[in-house]
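Structure first, commentary second.
The values are calculated or read from the model by the stated rules, or taken from the named source; none is laboratory data. Computed from a prediction, not measured in an experiment: that's the story for all the values here. Ideal geometry is used to build each Cβ from the backbone, glycine not excepted, and the neighbour counts take in all protein chains shown.
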Amino acid sequence: MMKGIFKRLAAVLACVLLGVAGFGWWYAYPGRGPREHVNPSEKAYVETIEGTTVLHVKGSPYEMGYQHGALLKDSIHRGLNAFNNLLKMGSKEIHVPVFVLNFALDCVYRGCSPYIPDRYKREMEGIADGSGISLRALRRLHVISEVTERHCSSFAVFKSATADGKLYHGRNFDWNMEAGLQDNPVLILYEPDGYAPFASAGYAGLAGVLSGMSMEGICISQIGAVTKDGRSFGVPLMFLLRRFLEESRCVEDATRIVKHAHRTVGYNYVVSDGDRREARAYETSAHHCAVFTAGDPRETVEYAIPIKDAVFRADEAMDQTVRRFQTCARGYPNMPYGSDSYDHRYKGMATDIKASFGKIDANIALDILKNAAMRNVNLHSVLCNVTDREMWVAHAKGEEDAWRQPFVHYDLKNLFLPPDQRGK
């Protein structure tokens, strides 16, 4: 009798374990859509400008993903190797096996999946199918921003601040360079069905955006702002930035998007509109979002440096509700004085903008950008003349910062034309 009870108990336990394992598999490995036949060269192509790779993609999400994957296959494989190197470095640092980190990222992706637009999921599937890399690995890459910290800096100057009244938007992307992610840079020009065309300065294999500008005149940037007010699951950073570019026709659209997004961790954003010549700063955490305009009178904290016709940010929030949860820039309730974020980036940008106020052109804006970049972690640096749809982009080379490299100029109005129609 007792033996039978234990047999039944063992059977129940086995069912429970199988159920847990099945749930774990379902949770970590969500399904995907169908494969499609795509001729990658029918609508897409690659060109080289001043030694840099420029990829043109066009069509449905899956089409653009497949074009991207097929035409940049080798670069994507190298980029994935760099990402795996990053995980190995993290594994050694926190003494956790790589497979555990991979599973954790799989779970983060699963939790974020409901907040990722289906069109981006399909594009990732297209990239994986076109390049032959693992879809799971690609999904992990797109949620790494939800579990890692980064620095950065950004500014937008316009109207009376600039020599010609045009809007210049600078953005430093400061992150880990040891893994070699910077070795596979690409400028991607997107023409998505039903959405605004835009350019993304980033890395092969990314469907998300880190830096970019749309042909509607919207430019985006982000700054890491570590906070205690976070949550594990929501829309990943790179997809929120892409939504700004694809869906915004003005900064009010961007404001609506960021306010209604299911945000995860702390970020500050600077978003600008080159046609209306205005910009906004968004200071965010999971549950709070503060919006600031140029020279905003609400920037009343003693460390704020409001400037007319200029919007700029590093880590520290000016809004005290958002700041109350921050651990960055010496953390609340401390003043940010003495932190790299405040002294080098925020105050540094303010000092440079004031010194050249009314005279800022592309060259001076580049100097402001270079001065604000963090040393030894400046992965890429981007300046946009958003009014005229021009970009200047520099990527790190090996272990040498991006700000030290030549900036390559891209005229988007020209580049979005077919090659045989340019210059006519």
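Remark: pairs (first residue in segment 21-47, under 25 Å from L189 (Cα atoms) and assigned to a loop (DSSP other than H, G, I, E, B); second residue β-branched (V, I, T) and modelled with pLDDT of 95 or more; Cβ separation under 8 Å; 6+ apart in sequence or on different chains) = A44/V57.
Under the condition of being in a strand (DSSP E or B), touching a Cys at 6+ places or on another chain (Cβ under 8 Å) and not hydroxyl-bearing (S, T, Y), the residues counted in segment 267-276 number 2.
Yes/no per residue for (1) charged (D, E, K, R); (2) part of a strand (DSSP E or B); (3) touching a residue at least 12 places away in the same chain (Cβ under 8 Å):
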site	(1), (2), (3)
S200	no, yes, yes
L206	no, no, yes
L210	no, no, yes
M213	no, yes, yes
E216	yes, no, yes
I223	no, yes, yes
S232	no, no, yes
V235	no, no, yes
L240	no, no, yes
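Every listed requirement among (1) closer than 26 Å to A104 by Cβ; (2) under 15 Å from the mean Cα position of the chain (by Cα); (3) basic (K, R) is met by R171 save one, (1). Within segment 376-424, count every residue that is aliphatic (A, V, I, L, M), crowded, with 17+ Cβ neighbours inside 10 Å and either at pLDDT below 95 or over 16 Å from E50 (Cβ atoms) (or both). Result for segment 376-424: 4. Evaluation of A286 against the conditions (1) over 14 Å from V226 (Cα atoms); (2) surrounded by fewer than 24 Cβ atoms within 10 Å (Cβ to Cβ) shows that the sole unmet condition is (1). Residue count for segment 65-79 under the criterion of being in contact with a helix residue (DSSP H, G or I) (Cβ under 6 Å, 6 or more places away or on another chain) and of a type outside the set (D, E, K, R): the result is 8. Residues in segment 134-185 that are of a type outside the set (F, W, Y) and not in a helix (DSSP H, G or I): 31 in all.
Counting the residues of segment 346-376 that are in a loop (DSSP other than H, G, I, E, B) and out of contact with any Phe, Trp or Tyr (no Cβ under 6 Å at 6 or more places or on another chain) gives 8. Exactly one residue among W403, W392 is touching a residue at least 24 places away in the same chain (Cβ under 8 Å), in a helix (DSSP H, G or I) and not basic (K, R), and that residue is W403. Restricting attention to segment 329-355, and to residues there that are of a type in the set (S, T, N, Q) and crowded, with 18+ Cβ neighbours inside 10 Å, which single residue is farthest from D174 (Cα to Cα)? Within segment 329-355, the match that is farthest from D174 (Cα to Cα) is S339. Identify, please: which residue in segment 290-326 is surrounded by 14 or more Cβ atoms within 10 Å (Cβ to Cβ) and of a type in the set (S, T, Y) and is, among those, nearest to A161 (Cα to Cα)? Across segment 290-326, the extreme among qualifying residues is T293.
Out of everything in segment 232-266 that is among the hydroxyl-bearing types (S, T, Y) and buried (at least 19 other Cβ atoms within 10 Å of the Cβ), what residue ends up being farthest from the chain's Cα centre (by Cα)? Once the filter is applied, the top-ranked residue is S248. Among the residues of segment 277-326, those that are assigned to a strand (DSSP E or B) and either without any contact (Cβ under 8 Å) to a residue 40 or more places away in the chain or closer than 11 Å to Y267 by Cα (or both) comprise R280, A281, Y282, E283, T284, C289, A290, V291, F292, R313, Q326. Listed by first and then second residue, the pairs linking a residue in segment 332-345 that is β-branched (V, I, T) to a residue that is crowded, with 17+ Cβ neighbours inside 10 Å, with Cβ atoms under 6 Å apart and 6 or more places separating them unless they lie on different chains, form an empty list.
Residue-wise test of (1) within 22 Å of Y190 (Cβ to Cβ); (2) under 19 Å from the mean Cα position of the chain (by Cα); (3) surrounded by fewer than 17 Cβ atoms within 10 Å (Cβ to Cβ).
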| site | (1), (2), (3) |
| --- | --- |
| L55 | yes, yes, no |
| G59 | yes, no, no |
| G65 | yes, yes, no |
| L80 | yes, yes, no |
| R110 | no, no, no |
| I116 | yes, yes, no |
| A128 | yes, no, no |
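Taking segment 166-213 as the range and being among the polar types (S, T, N, Q) and either modelled with pLDDT of 95 or more or crowded, with 23+ Cβ neighbours inside 10 Å (or both) as the test, the residues that pass are N172, Q182, N184, S200, S211. Does F103 qualify as being part of a helix (DSSP H, G or I), touching a residue at least 24 places away in the same chain (Cβ under 8 Å), among the aromatic types (F, W, Y) and surrounded by fewer than 20 Cβ atoms within 10 Å (Cβ to Cβ)? Criteria met by F103. Of all residues in segment 48-83, those that are at pLDDT 95 or above, assigned to a helix (DSSP H, G or I) and small (G, A, S) total 4.
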